[in-house]
Amino acid sequence: MSVKRLLIKGGRVIDPASGVDGIRDVLVEKGIISIIDISIQTEDAKVLSAEGKWVVPGLVDMHVHLREPGYEYKETIETGTKSAAAGGFTSVACMANTNPVNDCAQVTEFIRNMAKSKGAVNVFPIGAITKGLKGEALADIAEMAEAGVVALSDDGKCVMNAAVMRAAIEYAGMFGLAIIEHAEDIDLKQNGVMNEGVVSTRLGLVGAPRISEDTITARDISLAEYTGGHVHFAHVSTAGAVELIRFAKQKGVKVTAEAAPHHFTLTDEAVGEYDTNAKMAPPLRESRDINAIIQGLADGTIDCIATDHAPHGIAEKEVEFDSAAFGIVGLETAVPLSLGLVRDGRLTPLRLVEVMSFNPSKILKINRGTIQPGAVADITIIDPDKEWVVEPSQFKSKGRNTPFAGWKMKGKAVATIVNGNVAYEDN
Ligand SMILES: [Zn+2]
């Protein structure tokens, strides 16, 4: 719904940018946050009571697959952004592995126009690094930058040629864009369908070893250091990669990183008896990797939580494990899974909001991620205590591929406000 004035009353405002963590009222006028104060009295405003709830800058997911153009049976910009709103995200950045690939201004503009007419939340397109995601010639980076991409990535595929990657980092830097790397060496990964370890051996499945991620992470850190450019590592899954990124940051190399909720929640045991909803790339690892990722999120090594929301059709998942598609949906389960880290005492509420809103906004340079007077009124209201059960048939996403079906969750986004308008409200 669209209102001119919106008053959010009595919530716990958590805003890492200003360091605020306390009970406040927030007044929104014409899509902009106008006042934040202990108590605001005003007439003719729609009032949203937020007592007992968190009021945070709208969550930003810098890694989603909206599947449009080309794979509308999996997801569309409309359904994907509805899923985002239901999950508490006011902004998403969408990956380029559509059909056609987003490797030129035409596709970027199509996505932006479709988002404008059908999108429930803000959509920021990510352009491809290479033409057709082939890893060879650079995509039309200059024209895509002009058309409004916020980063570059061949996500789904690793840029295997180091010289291409070097050129991409250097060129992207000229436009102030980060390169987002899907770090998986395809030669080391071979036909790996899950983590290489005890479980893959027991199940007789081909494993993808940790080093397939670690070696590319090390290589790209070297390239970032050499070029002075910015490399962002997508969905970090190994303890080794966390350690490499920590060391790179200590040396002052311009690298950032994200981790996905499934990678800090589940181990490869979740594959169980060949459950294809536990098949993703990079794969679920082991408990020491989970611990390293959570430690990395806590100490600043990992900058963001991003879902890697990857919807697929039933036919792509209800097949034998080896031939199933990689990936799971993530937008509607990210908040409770991430809140678990706060309940376990691993992250403070301020740090959680930093990694789910402020930091991804900074990396993408999208001017979001804070609740302060004058800021765009993208706001998420979270009930940290709300208990609910994951029922995939209720997802706003077209995707049903989740390993969390039937899980009892605690915590949920109960209102999502985009540009001052309520895009989602949980009743
Ligand atoms: Zn990826």
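The values are calculated or read from the model by the stated rules, or taken from the named source; none is laboratory data. Being a predicted model, the structure only gives us computed values, none of them experimental. Note that we place each Cβ from the backbone using ideal geometry, even for glycine, and neighbour counts take in every protein chain shown. Note: areas computed on protein heavy atoms with side chains; ligands, DNA, RNA excluded. Shrake-Rupley method; radii C 1.70, N 1.55, O 1.52, S 1.80 Å.
Quick one: which of 15-25, 50-60, 372-382 comes out on top by average Cβ neighbours within 10 Å, and what's the full order, highest first?
Working: 15-25: 17.0, 50-60: 24.3, 372-382: 22.3.
Packing proxy ranking, top to bottom: 50-60, 372-382, 15-25.
In a simple Cβ point-charge model (Lys, Arg +1; Asp, Glu -1; nothing else charged), the chain has a dipole of about 760 debye relative to its Cα centre.
Per-residue 3J(HN,Hα) values for the stretch 194-208, derived from phi via the Karplus relation 6.51 cos²θ - 1.76 cosθ + 1.60 with θ = phi - 60°, read 8, 4, 7, x, 4, 5, 5, 5, 4, 7, x, 9, 6, x, 9 Hz in sequence order (x marks Gly and Pro). Summary of the geometry: the stretch 260-324 and the stretch 13-58, compared by the centres of their Cα atoms, lie 35 Å apart.
Under a Cβ-Cβ cut-off of 13 Å, what is the net charge of the residues other than ASN401 that fall near it, where Lys and Arg count +1 and Asp and Glu count -1?
Details: positive: ARG67, LYS74, LYS279, LYS317, LYS398, ARG400; negative: GLU75, ASP275, ASP308, GLU316, GLU318, GLU332.
Charge balance near ASN401 sits at 0.
The magnitude of the dipole of the stretch 47-203, with charges of +1 and -1 set on the Cβ of Lys/Arg and Asp/Glu and taken from the Cα centre, is near 400 debye. LYS386: which aspartates and glutamates have alpha carbons under 17 Å from its alpha carbon, excluding same-chain residues fewer than 8 sequence positions away? Those aspartates and glutamates meeting the cut-off are GLU51, GLU332, ASP344, GLU425, ASP426. For the stretch 365-397, no residue has its backbone nitrogen under 15 Å from a point 7 Å from the Cα of GLU51, taken along Cα to Cβ.
Give me the percent of the accessible area of the chain that comes from carbon and sulfur atoms, probe 1.4 Å, all protein chains in place.
Numbers: 8020 of 16130 Å².
That fraction is 50 percent.
Taking the DSSP beta bridges with both ends in the chain, the antiparallel portion is around 50 percent.
Mean projection of the Cα convex hull over all viewing directions, computed for the chain: 18.4 nm². Here the Kirkwood formula, the inverse mean of 1/r across different C-alpha pairs, assigns the stretch 308-427 a hydrodynamic radius of 16.1 Å.
Average accessible surface for the chain: 38 Å² per residue, computed with a 1.4 Å probe over protein heavy atoms with every protein chain in place. Applied to the stretch 38-49, the Karplus parametrisation 6.51 cos²θ - 1.76 cosθ + 1.60 on θ = phi - 60° returns per-residue 3J(HN,Hα) values of 4, 8, 10, 10, 7, 9, 6, 10, 5, 9, 10, 7 Hz, with x for Gly and Pro. Within the full protein context, the accessible area of ILE32 is estimated at about 70 Å² for a probe radius of 1.4 Å.
If the only charges are +1 at each Lys and Arg Cβ and -1 at each Asp and Glu Cβ, what is the size of the charge dipole of the stretch 269-308 around the Cα centre, to the nearest 20 debye? The partial results should precede the final answer.
Working: 3 positive and 8 negative charges, 12 e Å.
It works out to roughly 60 debye.
Scanning residues 5 or more positions from GLU196 or on other chains, those with amide H under 5 Å from its amide H are ALA208, ARG210, with H placed 1.01 Å from N in the peptide plane. Positive end of the dipole of the chain (Cβ unit charges, origin at the Cα centre): among ALA375, VAL253, GLY313, the Cα lying farthest that way belongs to ALA375.
Could you work out the local net charge near THR276, counting Lys and Arg as +1, Asp and Glu as -1, over the other residues with Cβ closer than 9 Å to its Cβ? Walk me through the intermediate numbers first.
Numbers: positive: LYS279, LYS317; negative: ASP275, GLU316, GLU318, GLU320.
Residues close to THR276 contribute a combined charge of -2.
Can you give the direction-averaged projected area of the convex hull of the alpha-carbon atoms in the stretch 37-102, in nm²? Let's see the in-between values first.
Values: hull surface 26.1 nm².
Mean shadow area of the hull around the Cα atoms is 6.5 nm².
For PHE404, PHE124, give me the order by solvent-accessible area with a 1.4 Å probe, most accessible first, ignoring ligands, DNA and RNA.
On the way: PHE404 5, PHE124 40 Å².
I get PHE124, PHE404, largest accessible area first.
Across the cross-link table entries LYS317/LYS408; LYS30/LYS118; LYS53/LYS118; LYS189/LYS279; LYS249/LYS279, which are compared at the Cα atoms, the separations over 25 Å belong to LYS53/LYS118; LYS249/LYS279.
The amide H of SER153, built 1.01 Å from its N in the peptide plane, has GLY127, ALA128, ILE129, ILE180 as neighbours under 5 Å, considering only residues 5 or more places off or on other chains. Peptides 266-276, 73-83 ranked from most to least packed, by the mean per-residue count of other Cβ atoms within 10 Å: 73-83, 266-276.
A straight Cα-to-Cα reach below 13 Å connects LYS74 with the aspartates and glutamates GLU316, residues fewer than 8 places away in its own chain not being considered.
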